[in-house]
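To start, the structure under review is shown below, and the notes come after it.
The values are calculated or read from the model by the stated rules, or taken from the named source; none is laboratory data. As the structure is a prediction and not an experimental result, all values here were calculated from the model. Cβ coordinates were reconstructed from backbone atoms using ideal geometry, including for glycine residues, and neighbour counts include every protein chain displayed.
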Amino acid sequence: MKRVIITGGSGGLGSAVSRVFTDAGWRVDSLASRDLDVTDPRAVTAYFRAEPLDLLVCCAGVISDGPLLRLGEEDWDRTLAVNFKGAAACARAVIPGMAGRREGHIVFISSHSAIHPPAGQAAYATAKAALLGLTTDLARLHGPDNIRINAVLPGFLETPMTAAVSDKRREEILADHCLGRFNTPAATAKFIHDLHHHLPHTSGQVFRLDNRP
């Protein structure tokens with residue numbers, strides 16, 4: 001049975017990814033922060049040592065909005081630790097096994113903010129942009145091992161993470177969408193499923209799934 005591990009699995013997108021792969025007959029390990037603290041390198045190494053997997057989807061993420069001059073060190077460090085260093089730690093833990101089997105796929109969930117950050121998202125935008133650099137680096141380095149590395153930018157999703165966004169700000173974001181609607185967790189999850197199954201020759205790519213030009 002094929003196996004996928006999803007970090008941030010209790011979030012809106014992680015839950016949607018879990019449902020898609022469960023329905024497809026995969027063994028799904030959908031991990032909330034209580035199941036695996038991605039900021040703890042020892043815990044990450046120990047968790048991924050257990051069994052091989054076919055696909056890793058790094059959804060774990062936090063937001064600490066604020067301009068650089070107002071961000072506290074704890075907010076800055078936590079945002080980088082979860083969004084970037086946590087994803088990198090998970091990738092580092094699974095790549096040796098994938099290389100040994102000469103098969104595997106890692107999908108990083110980045111953000112529109114990585115390429116078009118709004119004012120006041122210094123830490124979050126930096127962390128998500130770093131994932132794009134990591135995607136390119138790992139794809140080049142581990143392509144000869146037949147390991148695929150891709151990044152997905154879902155765009156603004158209606159999830160618990162974005163529930164605190166004000167109505168005014170939500171309207172401003174929606175106004176940037178040429179179709180006048182947001183992407184959805186379900187559509188993003190299906191894309192990740194199809195990327196894995198139907199695009200076996202695709203790696204090192206960044207996929208923008210919303211409709212902001």
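Only residues that are surrounded by 16 or more Cβ atoms within 10 Å (Cβ to Cβ) and of a type outside the set (A, V, I, L, M): list them for the stretch 191-203, please.
Correct list: PHE191, HIS193, HIS196, SER203.
When you scan the stretch 1-119 for strands (runs of 3 or more DSSP E) that lie fully inside it, which ones turn up with 3 or more residues that are within 28 Å of HIS201 (Cα to Cα) and not hydrophobic (A, V, I, L, M, F, W, C)? So that I can check it myself, show each step before the final result.
Details: elements: 3-7, 27-31, 55-58, 104-109.
Passing ranges, in order: 27-31.
Does the stretch 131-174 hold any residues that are over 24 Å from GLY11 (Cα atoms), without any contact (Cβ under 8 Å) to a residue 60 or more places away in the chain and either among the basic types (Lys, Arg) or in a loop (DSSP other than H, G, I, E, B) (or both), and which are they?
Of everything in the stretch 131-174, those that are over 24 Å from GLY11 (Cα atoms), without any contact (Cβ under 8 Å) to a residue 60 or more places away in the chain and either among the basic types (Lys, Arg) or in a loop (DSSP other than H, G, I, E, B) (or both) turn out to be ASN146, ARG148.
Within the stretch 116-130, can you find the residues that are touching a residue at least 60 places away in the same chain (Cβ under 8 Å) and surrounded by fewer than 20 Cβ atoms within 10 Å (Cβ to Cβ)?
HIS116
Identify all residues within the stretch 143-185 that are in contact with a helix residue (DSSP H, G or I) (Cβ under 6 Å, 6 or more places away or on another chain), surrounded by 16 or more Cβ atoms within 10 Å (Cβ to Cβ) and closer than 19 Å to ALA16 by Cα; write none if there are none.
ALA151, LEU153, PRO154, GLY155, PHE156, LEU157, THR159, PRO185
From the list ALA99, ALA122, which residue is farther than 20 Å from ASP210 by Cα, hydrophobic (A, V, I, L, M, F, W, C) and at pLDDT below 95?
Values: ALA99 fails: at pLDDT below 95.
Result: ALA122 is the single residue among ALA99, ALA122 that is farther than 20 Å from ASP210 by Cα, hydrophobic (A, V, I, L, M, F, W, C) and at pLDDT below 95.
Name the pairs whose Cβ atoms lie under 6 Å apart, with the first residue in the stretch 56-82 and within 13 Å of ASP37 (Cα to Cα), the second among the hydrophobic types (A, V, I, L, M, F, W, C) and assigned to a loop (DSSP other than H, G, I, E, B), and 6 or more positions between them or separate chains?
Listed pairs, sorted by first residue: ALA60/VAL38; VAL82/ALA60; VAL82/VAL62.
Looking only at the stretch 191-207, count how many residues are of a type in the set (Phe, Trp, Tyr) and part of a helix (DSSP H, G or I).
Here the count works out to 1.
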